[in-house]
Amino acid sequence: MAVAEAAPELLSPAEIDRAFRDPFSPSKRTKATSWIVLLAVLTAFPLVFTNPAVTSIGVFTMFFLLAVVGWNIFSGYSGYISIGHAVYYGFGQYTVALLIMHLGITSGVSELAIVPLAGLAGAAVAVPVGLLVLRVRRHTFIVLTIAVMFIFQLLAFNFPSITGGSTGLNVTPPPWSGNDYNLPFYYIALGTAAIGLLTSWAVRRSKFGLGLLAIRDDEDRAKGLGIKVTRAKLIALVLSAFFVGIAGGLYAIFIGQVFPQFAFTPFYDLYLAVFAFVGGLGTLSGPVFGALLLGPLQQYFELQFGATTLYLIIYGVLFVVILLALPRGIVPSLADRYRTFLASRWRRAEERRGVEGSGVTAGSMIASAPGAAPAERGGS
Amino acid sequence: MLVLQGIVDGILAGALYALMGSGLTLVFGVMEVINFAQGIIVVLGAYFTYTFASHLGVDPFVTLLLTIPIMFTLGYAVYMLLLRPIKRDRVIMSLLVMYATAVVIEGVLDLIFGGTLVEVTASYGTSSVHLGSLDFPNVYLLAFGLSAVLLAALYWILYHTKFGRSLRATTQNLTAAKLVGINVDHVSALTLGIGVGLGAAGGMLFGMTTPFNAASSYDLISRLLVIVILGGFGSVWGAGVAAIVMLVIEDVVAVVWSPVWGQTIFYLVLALVLMFRPQGLFGRRLARAQ
Amino acid sequence: MSLIEIQEIAKTYGGIHALDGCTLSFEEGHISGLIGPNGSGKTTLFNVVTGYEQPDSGSVRFDGDAITRLSPDKVFDRGIGRTFQLTRIFPRMNVVENLHVAAQRSGGFRSELSRWSSTSERARAKEVLDFVGLTRLASEMAGNLSYGQQKLLEFACIIIARPRVILLDEPAGGINPTLLRHLASRIRALNDEGITFVVVEHDMEFVMGLCHKVCVMHQGRTLCSGHPDEVRQDPLVLEAYLGTDMREADLTRSGAN
């Protein structure tokens, strides 16, 4: 078998790009355009639908969007599924509530101005929590995150002098009403979610993010190849906690109350996990789709059927159906369909043309070896 | 003396938690499913007993003759319908599916019974046996006895029946079990049936010892998970020992300090133990390779 | 001068002596073969050398420095790369991403925040992919590749990091003859550039045709070593490897399992 010499000829970046480009993936321009259109739609939404009941659904959806994008930076990329991000969410809530109370802040604008501190508080508490929980893997990790979350909930109950215990804390809401009340929260959450998404994108294309993906696939091998696994996981967790902390801070001000059982709640992470899974875990856009599709639905059911627990039943059934119907998540499933479609079209075109002029290289010879069609699906 | 009473309370309650936790750890051992619904299953079992006992006017223990078969069937069906189709990311996907199932059951229970706390009562329920200054509530003694009987039955099934052998084989190596012709789906479904049945039996006892409503499931599942981690995922005996140790610690702290700290200690012990033994007290290895 | 020197390494699991005072060395610039029956300790030796397992006693020296008990990433940093008997790639990352995981060795945290695919790194990845012949599959998910292609990818992941030594654990297992010849030619090409190889393999034709020197392991020790032709004639080897009444032809012709 003749194999071309491995002469290290210098290639231009464009040539490399052409060689590496995924022929079945949308172009960069298509992707960028889609993001801009989505951002525009989300920006315009509360200006078009001005009913405060609708915009408040929008606000909660943006809170979820922000948090799930943050959650995905850690759990999605590293594969360490956290069901304990409510720790950072609750910490964000208490931070904001306590600061507002003790600093005697009354104006709505200055209340919102301290929200970044909620993010920092979430990030700060993620360091010790991370050092504890990141010692274990897989299911033990999942359960340990739940346990840590309950520790925080119980601590919030047990220190009434600080947290108000089971009576909770009140946050004076900003003195606005109707849409004037909703819109600042909506846009701040949207803006932060956009920053979160940019962070997620930067992580995904950085060496550090590549290390996280490698950890997800085979942590021991990643370590053996020189990835600093503990550091990578901890940094991802801290980044992720920052955005979830901000979501908590905004929520506390928006609702005006903080209770231990709602700040540190097992529900929260299950929502986040389901949103991320439904959209596509560990992808950039998956969590966005998940939150935008299911967030409003969750709010709608709660408003419509919230008087009884009928909404729990509907929502639970819906979860099961979606999880079983789209086990890989919407984005990867659709992307796969699209790839298969393009690949089959491409193969048909290739057959029509005949393969004579396609430049047979070592690569193509191997690629066309039996059982090695490029679009072959279904690994292990 | 208070401490001694705390230890007695802990051991008696610990046996009950061992029973409820055994179903959880058994299910995990066989199919790597974290049954997040185990908490609500316990509550469901308690509601079954509550309903049968109040409508049929029979002793709570007699209701188990109805409850256990019903719950066993439920478990079997849940596996076949909801868990068997899962092919990828089993651990987390099954957790999410079981969570959604739990939410549905919770919604149904709340719809039927509302949020009021109820308790299963029996004529002998409020009295207790006194030994010196120590107090042994009848209900807890009966709970202890039933837990012991059911766990012994579980032991017999695991080690003296053909099904038990298949089950243990599946726990050790899923692929190999498939290769030697064990119908893994059938074994898994039966196991979930047994796990759910044990949870329901525990639920009857839980309902006799604690006022409950649908929301009690969250406290339950988090405690059961802690017990199962400490015992080492998949180890029934580990869970039993962990349950008793943890409940004794909780009850002792509760009597000498305060009940709220008793609860907190529960989770703090977990954090401390895992710092030094990430695989739990009795767990052998972190996880199967792949 | 030996590049890797293994001195009296012992490793037991329970009561089983996987390695029992194993002493051997691998020459710089050689392709060395490591053969022996199943359970003779070859893979355990690889694991000890690369830090995936800790020896009970003994020492490993690489280029004169002790590397015993270093963690896998440190060993990798020193310039020893390895592949696994059961191929370990990152199945849910694409081929190029797999390469870049292995390529990112340098530097502090600043460099980690940079893009993983800088122009020079991409050029290097392209060069390596051309070399092993996987360029056409660059954007394919690694988990979708055939088994043989995954083996090539794992190999590519190692060579992109420019190690001085590459340890290959059963590279020929389960791949078709065409791919195997291709792999052998790649190993030779890299060896010509000065990279040292150690190959554990059951395919005798592959080992005997490729290696400068072959070392035979048996029950956790080295039985003998030397030129492939010498080893092939050694009665001790035949006895250990195949039992006493087997003929030489079997050793040369067939794989040993």
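All of the numbers you see were taken from the coordinates with simple rules; none came from a lab. Just so it is clear, the model here is predicted, and its values are computed rather than measured. Cβ: placed from backbone, ideal geometry, glycine included. Neighbour counts: every protein chain shown.
Laid out as a table, the results:
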item	result
Cα-centre dipole for region A:43-263 with unit charges at Cβ (Lys and Arg positive, Asp and Glu negative), debye to 20	880
Length added when fully stretched, residue A:120-residue A:334, from 0.36 nm per residue minus Cα-Cα	73.4 nm
Rounded, prolate or oblate (a/c below 1.5 giving rounded, otherwise prolate when a/b exceeds b/c) for region A:177-238 by Cα gyration tensor	prolate
Whole-angstrom Cα spans of the protein assembly as shown along principal axes, big to small	89, 70, 53
Cα→Cβ-extended label distance, 7 Å offset, between residue C:59 and residue B:70, nm	7.3
Over chain A: helical MRE at 222 nm, DSSP H runs n ≥ 4 each giving -39500 (n - 2.57), nearest 500	-24000 deg cm²/dmol
Partner chain coverage, peptide A:219-232 - average Cβ within 10 angstrom	6
Of all DSSP beta bridges in the protein assembly as shown, antiparallel share, percent nearest 5	65
Residue mean of other protein chain beta carbons inside 10 Å, B:83-89	3
Over chain B: Kirkwood hydrodynamic radius from C-alpha pairwise inverse distances, Å	19.3
Region A:43-263: radius of gyration and largest Cα-Cα distance (Dmax), Å	18.0, 57
Positive-end residue of B:199, B:122, B:107, charge dipole of region B:65-205 with Cβ unit charges	B:199
For peptides B:189-198, A:96-105, sequence by mean Cβ density within 10 Å, most packed first	B:189-198, A:96-105
CD proxy at 222 nm, helix term only [per DSSP H run n ≥ 4: -39500 (n - 2.57); per residue of chain C; nearest 500]	-11000 deg cm²/dmol
Exposure proxy ranking, count of Cβ atoms within 10 Å, fewest first, for A:54, A:115, C:101	A:54, A:115, C:101
Ellipticity estimate at 222 nm from DSSP helix runs (n ≥ 4, -39,500 (n - 2.57)) divided over chain B, nearest 500	-25000 deg cm²/dmol
Listed residues A:244, A:158, B:154: farthest to the positive end of the dipole of the protein assembly as shown (Cβ charges)	A:244
FRET efficiency estimate (nearest 0.05) - Cβ-Cβ, residue B:88 to residue C:224, R0 51 angstrom	0.55
Enclosed volume per residue, in Å³, of the convex hull spanned by Cα atoms of region A:6-129	226
P(r), alpha carbons of region A:62-114 - 10 Å bins starting at zero, rounded %	21, 39, 27, 12, 1
Qualifying GluC sites (Glu not before Pro) for region C:126-207 [loop in DSSP, other Cβ within 10 Å: at most 16]	C:193
DSSP H segments from chain B that extend 20 Å or more along their own axis, Cα-based, with Kyte-Doolittle mean of 1.0 or above	B:2-31, B:38-56, B:60-78, B:90-113, B:138-160, B:184-209, B:216-231, B:236-256, B:259-276
Likely footprinting exposure, B:182, B:112, fewest C-beta neighbours within 10 Å first	B:112, B:182
For chain A, convex hull of alpha carbons as volume per residue, Å³	180
Point-charge dipole on Cβ atoms (K/R +1, D/E -1) for region B:2-276, about Cα centre, debye to 20	1060
Check: chain A dipole with +1 on Lys, Arg Cβ and -1 on Asp, Glu Cβ, in debye	620
Size-normalised alpha-carbon gyration radius of region C:52-165, reference 2.2 N^0.38 Å	1.15
Chain C, relative contact order in percent, only Cα pairs under 8 angstrom and at least six apart counted	26
Peptide A:145-153 - average C-beta neighbours from other chains (10 Å radius)	6
Among B:64, B:16, B:81, residue whose mean-square fluctuation peaks in a GNM of chain B (springs only between Cα atoms under 10 Å)	B:81
0 to 90° range, to nearest 10: angle between helix C:177-192 axis and chain C longest Cα axis	80
Exposure proxy ranking, count of Cβ atoms within 10 Å, fewest first, for C:158, B:86	B:86, C:158
Computed label-point distance, nm, for sites residue A:161 and residue A:30 using a 7 Å Cα→Cβ extension	6.3
Of the chymotrypsin sites (Phe, Trp or Tyr not before Pro) in region A:48-150, those whose Cβ has at most 14 other Cβ within 10 Å and which sit in DSSP loop	A:49
